[in-house]
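A quick write-up on the structure given underneath.
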Amino acid sequence: MRLQLALNVTDLNEAIGFYTKLFATEPYKVKPGYANWEIADPPLKLVLFEQPDAEPGSINHLGVETETADEVVAAEARLTSSGLTTSGVDDTVCCFAQKVETWIDGPAGHRWEWYVKQADDEQPAAA
């Protein structure tokens, strides 16, 4: 399991250069307007979304990447049983990947995604 940090950036190429040097790791995936890293040390899934009109460095969303779909289902059950509202568990295509995921909104408006990536995909989102 690792945390995910998804940031909005105004210049994707500049950000890719910076984060590649910062974590001494090449991106796992680069697509138009999108890049992500699977960083081992520290355990982090870093995702960049090119958003020219976004506030530089703003958070797109946060997440927890798990190893199995069962962990996503268990997290969703725990969250809902504690009184939090989730999106429910869904099989979807998001961020150029096939995923099982659930979403929850934090009190300050930050969106959290609890998910497992099952396969890469050429589409950015479900059609």
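The values are calculated or read from the model by the stated rules, or taken from the named source; none is laboratory data. What you see is a predicted model; the values in this text were computed from it and never measured. As a convention, Cβ positions derive from the backbone with ideal geometry for all residues, glycine included, and neighbour counts pool all protein chains shown. Note: accessible area is taken over every heavy atom of the protein model, side chains too, but ligands, DNA and RNA are not part of it. Shrake-Rupley method; radii C 1.70, N 1.55, O 1.52, S 1.80 Å.
Laid out as a table, the results:
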{"item": "Under 5 Å, built H, 5+ apart or other chain: amide partners of VAL9", "result": "PHE49, GLU50, GLN51"}
{"item": "Helix-only CD estimate at 222 nm, as mean residue ellipticity for the chain, using -39500 (n - 2.57) per DSSP H run (n ≥ 4)", "result": "-6000 deg cm²/dmol"}
{"item": "Peptide ranges 97-105, 14-22 listed from the most packed, as the mean C-beta count within 10 angstrom indicates", "result": "97-105, 14-22"}
{"item": "Per residue, in Å², the accessible surface of the stretch 40-97 once ligands and nucleic acids are set aside, probe 1.4 Å", "result": "55 Å²"}
{"item": "Read-out Cα Rg over 2.2 N^0.38 Å, derived from the coordinates shown; its label in (i) 1.10; (ii) 1.16; (iii) 1.05", "result": "(iii)"}
{"item": "Antiparallel %, DSSP beta bridges [both residues in the chain], to 5", "result": "75 percent"}
{"item": "Whole-number percent relative contact order across the stretch 1-68, with pairs defined as alpha carbons under 8 Å at least 6 apart", "result": "50 percent"}
{"item": "Other-chain or far-sequence residues with amide H under 5 Å of ASP121's (modelled H)", "result": "ALA97, GLN98"}
{"item": "Table column - 3J(HN,Hα) (Hz), the stretch 4-19, Karplus curve with 6.51, -1.76, 1.60, x for Gly and Pro", "result": "10, 10, 10, 10, 8, 10, 8, 10, 4, 4, 4, 5, 4, x, 5, 6"}
{"item": "Label point distance in nm, ASP70-LYS31, each placed 7 Å from Cα along Cα→Cβ", "result": "2.9 nm"}
{"item": "Cα gyration tensor, the stretch 38-86 - rounded (a/c under 1.5), prolate or oblate", "result": "oblate"}
{"item": "For the stretch 53-118: rounded, prolate or oblate by the Cα gyration tensor [a/c cutoff 1.5]", "result": "oblate"}
{"item": "The stretch 11-127, accessible surface, carbon-and-sulfur percent (1.4 angstrom probe)", "result": "53 percent"}
{"item": "Part-to-part distance (alpha-carbon centres) for the stretch 100-127 and the stretch 1-64, which is given in Å", "result": "15 Å"}
